[in-house]
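Comments concern the structure below.
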Amino acid sequence: MILVYDKTFEGFLTLVYDVYYEKLQPKKILTKFPNTLLLEDILEIKTDEEKSLKVLEAMKKKFPKKCFELILNIFMCDTKEFELNLLRYIILGFRDSNELFNINQKEVFFLQNLEKELFRHVHKMTGFARFEELKDGTLYAKIETKFNIVYFLGKHFFKRLNNQNYIIHDINRKLAFIKNSDFLGVQSIASFEEPKLSQNEQKFKKLWTTFFEAVAIQTRENKKCQQNFVPLLYRIYMTEFL
Amino acid sequence: MRKDIYEKMQILADSAKYDVSCSSSGSDNNHKTGELGATHNSGICHTFTADGRCVSLLKVLLTNFCIYDCAYCINKKSNNIKRAAFSPRELADITINFYKRNYIEGLFLSSGIIQSEDNTMNMILRTLKILRHEYRFNGYIHVKLIPGSDEKLIEQVVALANRVSSNIELPSDNSLKLLAPNKTKQKVLQPLKHAREKSLEKDTKPIGMSTQLIVGATPESDKDILKLSSVLYDKALLKRVYYSAYIPVNDDKNLPAIINKPPLLREHRLYQADWLLRFYDFSYDEIVSDEFPNLDEEVDPKTSWALLNLQYFPMEINKASKDELLRIPGIGVRGVFKILKARRFKSLDFDDLKKLKISLKRAKYFITCKGKYHSKTPFYKEDIKQAIIAPPKKKIIQPSLFDINYSHITGEL
């Protein structure tokens, strides 16, 4: 059996409810109807607020805090197929919440590793994100990332740039973390105009590139090693690689 | 002629690049509402240079003018190179602007000795004051203390910095005398000792300190070097020792004759050994001895130790204690934690370890799972070492070849 849901968190919780109470045996969970004709049964899950709230409350009550947070974090790994593992994980937890720590269970191991991958990615981006100063002094960063991490980055920079206004803009997901005097949090960005940069911006970009080139030791050059640490994927908006 | 800011940056970053330390880890989170900057306990790499080193700090010299004449140093007085100096304000402004753009975690500030030790230390102090007091900057600052400067100045710098260091440069006094006539080990360690005392007066936790040693410019063995590091760690004087493969930048009669390549592998092995001292509870004389004063370049120090101590192996994965597990070659701290976690639920076999994605490339020669030994290599030092250095290739029997040989024997065609 193949289940189809709408990719929302509520939709997924509804799916958990239906699987649990109707004893469904999904082999695959998709977010869109497949185009090709398949022999499997396909069932579309209709997002139901009541069902999803019930599952949410039950998880909050029954699951250790760490495991509940893991479930929320996994949902940020939106480019990975995690649904089947997450479903099994939640059902496992309802049967016996101790099992949620048993890394011999393959879904537990898979999800713990995926969560680690998420945080590794967040950590890398805390170093590789680059801000540009706009005319009004706001710091503006564009990012394109594997997972949905603007919230985590926003939180990270809230500590560092506490006396600054800043925007972290996820180009592909059309989301932004915004911090200014009126707003703090994630917002969706329908369309945007390329903002105007401050007068000093060019100077500091050039200074940074100068520094970056000067600190490399030519006799120890190792581009392969460099690329292992900063894969091309991350370099799109990094000043020193432009 | 006045140099523009880009040229200064070029010169002063270039002259600071041989300093290895760049880590910004180990500081507790310290952000304050309404201020700029915070440190991060694990440290954050912001980019990597073309030689593959992490950049997390703006690492520059305040000036590369110097009254000293150390043989190995690019900035020595007698070298005819371009000289420049930042003003404290210039440098503070660049730091703040780099920080806001998320280029860096903070500042690593070192300097040549301009006019006098005290004068230099004073200029560094001014830079720190602008950053901390005027800009309210709470990010990471690492300062290279100037040996021989006034203790009162050192005290003030220590109060404003997250970490301070002073480079020992060479592992023995004799070598210092030969290559750095203005320095002695005593003179280099003095500011570190003082910094620790002063920071302990205010806090129970001493300020983090580090040092750097040049490897391969003088004849000391790995044993001499690791012994020195180990003493410094034990006395809690230092948090970290950096090792830097000697790269010839000057011609000098006291320096080793031209070497084609810096001893990078030796440097790498020293770091591995250093790791064993700090995180795996090894003592230096387990890793190097009078008989083998230098680290084996063919295998890592942990494997090398295991091969010399085969009586502790093979270890049973399901019974070994945490400390014992940490001594298995190829299994690191993370791997040990995975094993301990998984062991609580079931007794592990070889496939379980594979499923947990624990690297068994080296470990398989040193473990048993439920009493079973999985490697086919005979349990002798030389056999295991050979297998690790050059794992046996899988034999592929090529039928045609086989047939020919066969026909050779039987006489059939």
Give the angle, between 0 and 90 degrees and rounded to the nearest 10, that separates the Cα long axis of helix A:201-214 from the longest principal axis of the Cα atoms of chain A. 90
Quick check for you: with a 1.4 Å probe and neighbouring chains kept, what is the accessible area per residue of the protein assembly as shown, in Å²? 50
List the residues, sorted by chain then number, that are 5 or more residues from B:Thr47 or on another chain and whose placed amide H is less than 5 Å from its amide H. B:Val55
For B:Ala217, enumerate residues with amide H under 5 Å from its amide H, sequence gap 5+ or separate chain, H modeled in the peptide plane. B:Tyr246
Return one number: the angle in degrees, 0 to 90 and rounded to the nearest 10, between the long axis of the Cα atoms of helix B:117-129 and the longest principal axis of the Cα atoms of chain B. 80
Provide the percentage of antiparallel DSSP beta bridges, counting only those with both residues in chain B; round to the nearest 5. 15
Flagged as over-length at 19 Å C-alpha distance, from B:Lys3/B:Lys82; B:Lys319/B:Lys370; A:Lys142/B:Lys100; A:Lys7/A:Lys66, the pairs are A:Lys7/A:Lys66
Taking DSSP loops as anything outside H, G, I, E and B, show the longest stretch in chain A free of GluC sites (Glu not before Pro) there with at most 16 other beta carbons within 10 Å. A:82-143
Counting only other chains, what is the mean number of Cβ atoms within 10 angstrom of the Cβ of each residue in peptide A:121-134? 4
Roughly to the nearest percent, how much of the accessible area of the stretch B:310-380 is carbon and sulfur, given a 1.4 Å probe? 52
Point-to-point label distance, A:Tyr20-A:Asp6, nm (Cα→Cβ direction, 7 Å offset): 2.1
Estimated inter-spin distance, A:Asp136 and A:Asn172, nm [label 7 Å along Cα→Cβ]: 3.0
Chain A: most fluctuating residue of A:Thr210, A:Thr14, A:Thr47 per GNM, C-alpha cutoff 10 Å: A:Thr210
Spelling it out for B:Tyr243: with amide H atoms placed in the peptide plane at 1.01 Å from N, the residues 5 or more places away or on another chain with amide H under 5 Å from its amide H are B:Leu213
Give the calculated FRET efficiency between A:Leu84 and B:Asp4 to the nearest 0.05, with a Förster radius of 60 Å applied to their Cβ-Cβ distance. 0.50
For the stretch B:234-298 the GluC sites (Glu not before Pro) that pass both the DSSP coil test and the at-most-14 other-Cβ-within-10 Å test are B:Glu291, B:Glu297, B:Glu298
Ranking A:Leu37, B:Thr204, B:Ile358 by how far each Cα lies towards the positive end of the charge dipole of the protein assembly as shown (+1 on Lys and Arg Cβ, -1 on Asp and Glu Cβ), the top one is B:Thr204
Exposed-loop-free span, longest in chain B, where chymotrypsin sites (Phe, Trp or Tyr not before Pro) count as exposed if DSSP calls them loop and at most 13 other C-beta atoms lie within 10 Å: B:1-378
Accessible area drop of at least 10 Å² (1.4 Å probe, protein heavy atoms): which residues of the stretch A:140-164 qualify, relative to the chain alone? A:His156, A:Phe157, A:Lys159, A:Arg160, A:Leu161, A:Asn162, A:Asn163, A:Gln164
With a Förster radius of 41 Å, plug the Cβ-Cβ distance of B:Ser172 and B:Arg334 into 1/(1 + (r/R0)^6) and report the FRET value to the nearest 0.05. 0.65
What is the interface area between chains A and B, defined as buried accessible area summed over both chains with a 1.4 Å probe, reported in Å² to the nearest 100? 4900
Who wins for biggest fluctuation among B:Ser230, B:Ser199, B:Ser24 in a Gaussian network model of chain B, springs between alpha carbons below 10 Å? B:Ser199
State the percentage of accessible surface on chain A attributable to carbon and sulfur atoms; use a 1.4 Å probe and exclude ligands, DNA and RNA. 52
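When Cβ neighbours within 10 Å are restricted to other protein chains, what is their mean count per residue of peptide B:96-106?
Taking the mean over all residues of the peptide, I get 6.
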With a 4.7 Å Cβ cut-off, tell me which Cys residues in the protein assembly as shown come up empty for a partner. A:Cys67, A:Cys77, A:Cys225, B:Cys22, B:Cys66, B:Cys369
Per the C-alpha gyration tensor (a ≥ b ≥ c, the square roots of its eigenvalues), the stretch A:1-110 is rounded if a/c is under 1.5, else prolate if a/b beats b/c, else oblate; here it's prolate
To the nearest 20 debye, what charge dipole does the stretch B:1-91 have about its Cα centre, counting +1 at the Cβ of each Lys and Arg and -1 at the Cβ of each Asp and Glu? 340
If I model a spin label as a point 7 Å beyond the Cα along the Cα-Cβ vector, how far apart are those points for B:Lys354 and A:Thr219 in nm? 4.6
Could you let me know the centre-to-centre spacing of the stretch B:285-319 and the stretch A:133-206, using Cα atoms, in angstrom? 51
Mind listing the phi-derived Karplus ³J(HN,Hα) values for the stretch A:46-55, rounded to whole Hz, using 6.51, -1.76 and 1.60 with θ = phi - 60°, and x for any glycine or proline? 8, 4, 10, 4, 4, 4, 5, 5, 4, 5
Positive-end residue of B:Ile96, B:Asn64, B:Asn80, charge dipole of the stretch B:1-116 with Cβ unit charges: B:Asn80
Compute the distance from the alpha-carbon center of the stretch B:74-140 to that of the stretch B:146-187, in whole Å. 18
HN-Hα J couplings of the stretch A:136-145 from phi, Karplus 6.51/-1.76/1.60, θ = phi - 60°, integer Hz, Gly and Pro as x? 8, x, 5, 9, 10, 10, 9, 9, 10, 10
Can you divide the C-alpha Rg of the protein assembly as shown by 2.2 N^0.38 Å and report the result to two decimal places? 1.13
Which listed residue (B:Thr120, B:Val157, B:Pro262) has the Cα farthest towards the positive end of the charge dipole for chain B, taking +1 on Lys and Arg C-beta and -1 on Asp and Glu C-beta about the Cα centre? B:Val157
In order over the stretch B:166-180: 3J(HN,Hα) from phi, Karplus 6.51/-1.76/1.60, θ = phi - 60°, whole Hz, x for each Gly or Pro, gives 8, 7, 6, 6, 10, x, 9, 5, 4, 5, 4, 4, 6, 9, 10
What base-10 log of the normalised intensity I(q)/I(0) is obtained for the stretch B:311-394 from the Debye formula, alpha carbons as equal point scatterers, at q = 0.11, 0.13, 0.25, 0.27 Å⁻¹? -0.27, -0.38, -1.34, -1.52
Dividing the alpha-carbon Rg of the stretch B:42-92 by 2.2 N^0.38 Å yields what? 1.47
Please build a GNM for chain A, connecting alpha carbons under 10 Å apart, and tell me which residue among A:Val122, A:Val230, A:Val19 fluctuates the most. A:Val230
Excluding residues on the same chain fewer than 8 positions from B:Lys253, give the aspartates and glutamates whose Cα lies under 20 Å from its Cα. B:Asp69, B:Glu169, B:Asp173, B:Glu220
Distance cut-off 23 Å, percentage of C-alpha pairs in the stretch B:25-124 lying past it: 41
What average number of partner chain Cβ atoms lie no more than 10 Å from the Cβ of the residues making up A:200-212? 6
Alpha carbon Rg of chain A, scaled by the compact-globule rule 2.2 N^0.38 Å: 1.24
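The values are calculated or read from the model by the stated rules, or taken from the named source; none is laboratory data. Since we're looking at a predicted model, the values are computed, not measured. Glycine also receives a Cβ, built like all others from the backbone with ideal geometry; neighbour counts cover every protein chain displayed. Heads up: the accessible areas ignore ligands, DNA and RNA and are worked out on the full protein's heavy atoms, side chains in. Shrake-Rupley method; radii C 1.70, N 1.55, O 1.52, S 1.80 Å.
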